[in-house]
1. Give the shape of segment 5-187 as rounded, prolate or oblate, defined through the alpha-carbon gyration tensor: a ≥ b ≥ c are the square roots of its eigenvalues, a/c under 1.5 means rounded, and otherwise the shape is prolate if a/b is larger than b/c and oblate if not.
2. Report, to the nearest 10°, how far helix 61-74 tilts away from the longest principal axis of the Cα atoms in the chain, using its own Cα long axis and a range of 0 to 90°.
3. For Lys229, give me every one of the lysines with a C-alpha distance below 27 angstrom, ignoring sequence neighbours fewer than eight places off in its own chain.
4. Compute a Gaussian network model of the chain, connecting alpha carbons closer than 10 Å, and tell me which residue from Ala132, Ala239, Ala276 fluctuates the most.
5. Rg/Rh for the chain to two decimals, with Rh computed the Kirkwood way over all alpha-carbon pairs.
6. Label-point separation (nm) for His187 and Leu46, each offset 7 Å from Cα along Cα-to-Cβ?
7. For Lys60, which lysines qualify as cross-link partners when the Cα separation must be under 30 Å and same-chain residues fewer than eight apart are set aside?
8. By how many degrees, between 0 and 90 and to the nearest 10, does the Cα long axis of helix 17-43 differ from the longest principal axis of the chain?
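Readers should treat all values here as calculations from the given coordinates under stated rules, not as data from a laboratory. Predicted model only: the values in this text are computed from it and were never measured. Methodologically, a virtual Cβ is constructed for each residue, glycine included, from the backbone with ideal geometry; neighbour enumeration extends over all protein chains shown.
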Amino acid sequence: MQTTLSDWLALQETSSAPLQRGLEQVAEACRVIAGLVERAPLEGRLGALTTTNIQDEVQKALDLASNDVFLDLCGQEPVFAGFASEELDDVSMGTQGGDFLLAFDPLDGSSNIEVAMCVGSIFSVLPAPDAARGRAIQAEDFLQPGRNQLAAGYALYGPQAMFVLSVGAGVAGFTLDRDRREWILTHPDMTVPEESGEYAINSSNERHWKPGLRQFMAAVQVGREGPLKQDFNMRWTAAMVADVHRILVRGGVFLYPADNRPKVANGKLRLLYECAPMGWLVEQAGGVAYGANGPVLNVRPSSLHQRSPIALGSRRVLEQAWAEYLVSDGAAEG
């Protein structure tokens, strides 16, 4: 008998009944977005809009449609006291007195839509502070280190739609059965192999990298004749969800560093919506995740849209990279 997401959640000791209800709504939002992604060419949602988000990035029609799905569906579940989205300037109110906060990137890698490549959604569930129970949720309520997360995950919209989740006791993956409209457990214990010969980085930015990262990538490219003593293959999809999913399935490392460009001096990816939830998943699966000056989950955001560098993946390669190369840049700086 196949195990559904609801079945699996009911068996998790770290998942309370309110958290289960909230995550089921998140999963339903992702199921709906999977349909929007499939129908985007038919419904005229491929192109860019004339609007930009708070990071001054041009928004796609599907970015905003996916954002609305999250707010509409998850807003129906009273366990969420508030929402923070990569596409919104400020927080959005949920149900006052709710137990949880939901932060999300509604559509990661949306530039891939026009060429029919993988995209996804990323989410993070944080506890609502006790001090917020008698008032409206504020931005500072979300400014918690990643280790405070109660659940985190992503949906991958590709050849199959997948929903990958942790509630603090390992990582499980579910595949969408479209006929049944159910997420079915297909990857019950996702583990990042300690060793791997794959890496993902945008090498077009090499001229902007700091010295430590340059040295590490030179060692990678030398292969088995170099200090890392193994050959590597590069994989890069331009969607963090797809690159992290590959790491959870077969290992590897993903790096999106800060560099010498003013706009990327503190990294490009958002700490709250991307780095913290993905770092938590990778740690839960036995890998490691570094931010500016050490484990990314130790970093407390100073603002809703704070950027961070990120290096995550297989433990052996990345711990060596950090100790021998990246720490000299402060990693966050290169």
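1. Details: a/c = 2.01, a/b = 1.18, b/c = 1.71.
Taking the square roots of the gyration eigenvalues as a ≥ b ≥ c, segment 5-187 is oblate.
2. 50
3. Straight-line reach from Lys229, under 27 Å: Lys210.
4. Comparing Ala132, Ala239, Ala276 in the GNM, the peak value goes to Ala132.
5. Numbers: Rg = 19.1 Å, Rh = 20.0 Å.
Here Rg/Rh amounts to 0.95.
6. 2.8
7. Once the sequence-local lysines are set aside, what remains near Lys60 is Lys263, Lys268.
8. Approximately 80 degrees, to the nearest ten.
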